[in-house]
Amino acid sequence: MGKIDENKKKKKEALFNTAYELFVTKGINGTSISDIVEKAGVAKGTFYLYFKDKYDIKNKLIAHKTHELFTKAGTAMEEARISGLEEQLIFIIDHIVNELVGNKALLNFISKNLVMGALRSALLSGESSDAIFFDKYMMLLEGDAHAYEDEDVMLFTIVELAGSTCYNSILFEEPLPIEQYKPFLYRTVRLIIQSHRVK
């Protein structure tokens, strides 16, 4: 990576980090583009090189933060040498849930956009690093002893279910506190996976 590319990357990261900090502390409506660029120490024109408006940076941030959560969970799963699609997906969900229990500001920021919407926008944003999770998911499917049908629908269903129910369980303890809710969630995830197996 050349010096120019490195400087661009640093400026984009500064904008990302600053926007996240301001969105979490002041809210999206309470944060202006001027606030972001001033605190990040970059020119307003630089912001528009990377983002259309503050909603664009918010959406890309959600995708970026979601990608980070999945990457950390995937690395932990590989280190733990978990095998079999059911166990792997439950390990990943559990890892992400535990991260969000410890970081409610992140959970609030991602909100109910966790996870499929963020993943989809990451995949469509053209940022190749954010497509890695989907590639890894396809590799998990290929490495499993079973064949599956409608894999995209299966992933969508699992992440939407886990995202919305865990949001309510972590923040509002509904229908149960998260630790009590997990066994119900994971049983349902297993049933979803099993229902997509090719007989």
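The values are calculated or read from the model by the stated rules, or taken from the named source; none is laboratory data. Note that the structure is predicted; figures quoted are calculated from it, not measured. Here the Cβ is made from the backbone with ideal geometry for all residues, glycine too, and neighbour counts use every protein chain on show. All accessible areas refer to the heavy atoms of the entire protein, side chains included, with ligands and DNA or RNA removed. Shrake-Rupley method; radii C 1.70, N 1.55, O 1.52, S 1.80 Å.
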Legend entry - Carbon plus sulfur fraction of accessible area for the chain, probe 1.4 Å, in percent: 53 percent
Inset, instruction - Mind grabbing the accessible area of H146 for me, 1.4 Å probe, Å², rounded to tens? - result: 80 Å²
Legend entry - Cut-off under 5 Å, modelled amide H: who pairs with Y148 long-range: V198
Inset, instruction - Find the accessible area per residue for the chain; the probe is 1.4 Å, ligands and nucleic acids are left out, and the unit is Å². - result: 54 Å²
Legend entry - Cβ-Cβ FRET estimate between T75 and E160, R0 fixed at 25 Å, reported to 0.05: 0.60
Legend entry - Choice from F51, F91, F109 with maximal GNM fluctuation in the chain (Cα, 10 Å cutoff): F51
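How do E21, E99, E142 rank by accessible surface area computed with a 1.4 Å probe, from largest to smallest?
Largest accessible area first, the residues go E142, E21, E99.
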Inset, instruction - Compute the length gained on full extension between D35 and F172: take 0.36 nm times their separation in residues and subtract their Cα-Cα distance, giving the result in nm to one decimal. - result: 46.2 nm
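May I ask for the net charge around A80, where only other residues with Cβ less than 13 Å from the Cβ of A80 are counted and Lys, Arg are +1 while Asp, Glu are -1?
Taking every Cβ under 13 Å from that of A80, the sum is -2.
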Inset, instruction - Give, in nm to one decimal, the length gained when the segment between E87 and F134 is fully stretched (0.36 nm per residue of separation minus the Cα-Cα distance). - result: 15.2 nm
Inset, instruction - Please report Rg over Rh for the chain, where both radii come from the alpha carbon positions and Rh follows the Kirkwood definition. - result: 1.01
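Grab the Cα-Cα distance for R190 and D150, subtract it from 0.36 nm times how many residues apart they are, and report the gain in nm with one decimal.
Between R190 and D150, full extension yields an extra 12.8 nm.
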Legend entry - M138 - accessible surface, heavy atoms, 1.4 Å probe, Å² rounded to 10: 60 Å²
Inset, instruction - For n ≥ 4 DSSP H runs only, could you compute -39500 (n - 2.57) per run for the chain, divide by its residues and tell me the 222 nm figure to the nearest 500? - result: -25000 deg cm²/dmol
Legend entry - Kyte-Doolittle mean at least -1.0, axial Cα span of 30 Å or more - DSSP H helices of the chain: 54-80, 151-172
Legend entry - With all protein chains modelled, accessible area of I28 [1.4 Å, Å²]: 40 Å²
